[in-house]
Amino acid sequence: QVHLAESGGGLVQAGGSLRLSCAASGGTSGRYYMGWFRQAPGKERGFVGAVRWRGGNTYYADSVKGRFTISRDLAKNTMYLQMDSLKPEDTAVYYCAQSGDILATMERSYSIWGQGTQVTVSA
């Protein structure tokens, strides 16, 4: 019953910022983590970061630490990804996902996925 929908992607210059949203519908009782993943053309989908829904603990990939920030609005049932100091290497389709498992960085822990939103960073 949980449905996830990403938004906020677009084209931005290197050094710029974007804020992605992941709007969820449905209940949160089965939610342990909400996470962000990204996939560039020809590459495997990789972990970006995650937030433990209850408690707010966050994890980030080394490549985005200090530049990306994950937050959540419990009342809106929405997760955000604030992306600053964007680099061309950040260009990818960004997906949000929900995990009912305890392994925050493992893609196989996430069973519900959004459709993705395109982020393109120009040099």
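Values computed for the structure shown
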quantity: Radius ratio Rg over Rh of the range 1-51, counting only Cα atoms, Kirkwood formula for Rh; calculated: 1.02
quantity: Residue-wise HN-Hα coupling along the range 94-101, computed from phi with Karplus coefficients 6.51, -1.76, 1.60 (Hz; x: Gly, Pro); calculated: 9, 10, 9, 8, 10, 10, x, 10
quantity: FRET efficiency, 1/(1 + (r/R0)^6) with R0 35 Å, evaluated for Gln118 and Leu74 via beta carbons; calculated: 0.80
quantity: Residues of the range 6-36 with amide N under 13 Å of a point placed 7 Å along Cα→Cβ from Gln82; calculated: 17-20
quantity: Residue range of the chain that is longest and free of trypsin sites (Lys or Arg not before Pro) which are both DSSP loop and sparsely packed (at most 14 other C-beta within 10 Å); calculated: 77-123
quantity: Per residue convex hull volume, Cα atoms of the chain, in Å³; calculated: 93
quantity: Size of charge dipole - the range 43-88 - debye, nearest 20, with Cβ of Lys, Arg +1 and Asp, Glu -1, no other charges; calculated: 80
quantity: Portion, in percent, of the accessible area of the range 1-108 that falls on carbon or sulfur, probe 1.4 Å; calculated: 47
quantity: Virtual spin-label span in nm between Arg45 and Gln13, 7 Å along Cα→Cβ; calculated: 3.3
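The values are calculated or read from the model by the stated rules, or taken from the named source; none is laboratory data. Just so we're clear, the structure is a prediction, and the values are computed from it rather than from any experiment. Don't worry about glycine lacking a Cβ; one is built from the backbone with ideal geometry, like all the others, and counts go over all protein chains shown. Accessible surface is based on the protein model in full, side chains and every heavy atom, while ligands, DNA and RNA are left aside. Shrake-Rupley method; radii C 1.70, N 1.55, O 1.52, S 1.80 Å.
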